[in-house]
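> Sharing a structure here in structure tokens format.
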Amino acid sequence: ENVTRKRSARMSRGRGYRIIIEGLPEQASWQDLKDFAREFGAPHPRYTDVRYGKGTLEFEDSRDADDAVRKLDGRKIRPGRGARHDYPPTRVKVFDEDGGGRGRSRSSSRSRTPPRRRERRDRSRDRGRDRSRDRTRDRKERRRRDGSEEDDRRGRRDRDMRRKDDEGDRDDDRGRDRDDDRRRGDDEEDEKSRGKDDKDDKDDDEDRRRDD
């Protein structure tokens, strides 16, 4: 128990974002773990603990925890500065506490988003999809409306053209009727004139016979 207390930092007061370090040498202390994180550029943890070959680093922010996993996973830990114990550099496996012991490499580590932030992001994504659907629906509705208006304009143009064609046909028919009337009138005049000429010829013939 005394050894455990020497190797453990003070317990954190509030729950943060924890990562687990597995494969630590038995002699490793929490000071070694803290120096290990500092050596490879990991964010400064607010809480450090080592128990029975397994270490814990706790961070205020989830992004710091993910950054620490990327920078520490697969690295070798060695005794810290001024340590009185010694052990060979040992490669460790680092993963976030929610990972359930599944190690995550620096290249494949994915950001662990807190549930509340994840919910906000999901709601924001849903709102974005809804707005996109609304814009698409509005565009379709405008196209439909514009198409209907264009069809109406085209229909009015067609009706106007047909009406003008009908009026032109009626004008042509009236013109032809007037021409026919004029021709009939001319024929009647010619007929009357010929009848008068025939009568005059008959009268002339009758006069000549009487003279003879």
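No lab work stands behind these numbers, since they all come straight from the coordinates. Only a predicted model underlies this, so the values are computations on that prediction, with no experimental measurement involved. Methodologically, a virtual Cβ is constructed for each residue, glycine included, from the backbone with ideal geometry; neighbour enumeration extends over all protein chains shown.
> If the reach is capped at under 28 angstrom between alpha carbons, list the lysines near Lys71, excluding any in the same chain fewer than eight residues apart.
Cross-link targets: Lys6, Lys34, Lys54, Lys93.
> Give me the extension gain from Arg51 to Lys202: residue separation times 0.36 nm, minus the current Cα-Cα distance, reported in nm with one decimal.
Numbers: separation 151, 0.36 × 151 = 54.36 nm, distance 15.39 nm.
39.0 nm is the gain from fully extending Arg51 to Lys202.
> Modelling each spin label as a point 7 Å along the Cα-to-Cβ direction, I'd like the Ser193/His44 distance in nm, to one decimal.
For the pair Ser193/His44, the computed spacing is 12.8 nm.
> Tell me the net charge near Asp35. Cut-off is 11 Å between Cβ atoms, Asp35 excluded, with +1 for each Lys or Arg and -1 for each Asp or Glu.
+2
> Any idea how far apart Lys76 and Arg125 come out in nm if each label point goes 7 Å out from Cα toward Cβ?
In this crude label model, Lys76 to Arg125 measures out at 4.1 nm.
> Classify segment 120-212 as rounded, prolate or oblate, taking a ≥ b ≥ c as the square roots of the eigenvalues of its Cα gyration tensor: rounded when a/c is under 1.5, otherwise prolate if a/b is larger than b/c and oblate if not. Before the final figure, lay out the partial values.
Values: a/c = 24.29, a/b = 20.30, b/c = 1.20.
Prolate shape, in that a/c is at least 1.5 and a/b is the bigger ratio.
> To the nearest Å, what is the center-to-center distance of segment 125-189 and segment 27-67, using C-alpha atoms only?
80
> Treat each spin label as a single point 7 Å out from the Cα along the C-beta direction, and report the Glu26 to Glu167 distance in nm.
11.1
> Related question: Tell me whether segment 21-74 comes out rounded, prolate or oblate; compute the Cα gyration tensor, take square roots of the eigenvalues as a ≥ b ≥ c, and use a/c under 1.5 as the rounded threshold. Don't skip to the end; give the middle numbers.
Numbers: a/c = 1.81, a/b = 1.61, b/c = 1.12.
Prolate, since a/c reaches 1.5 and a/b exceeds b/c.
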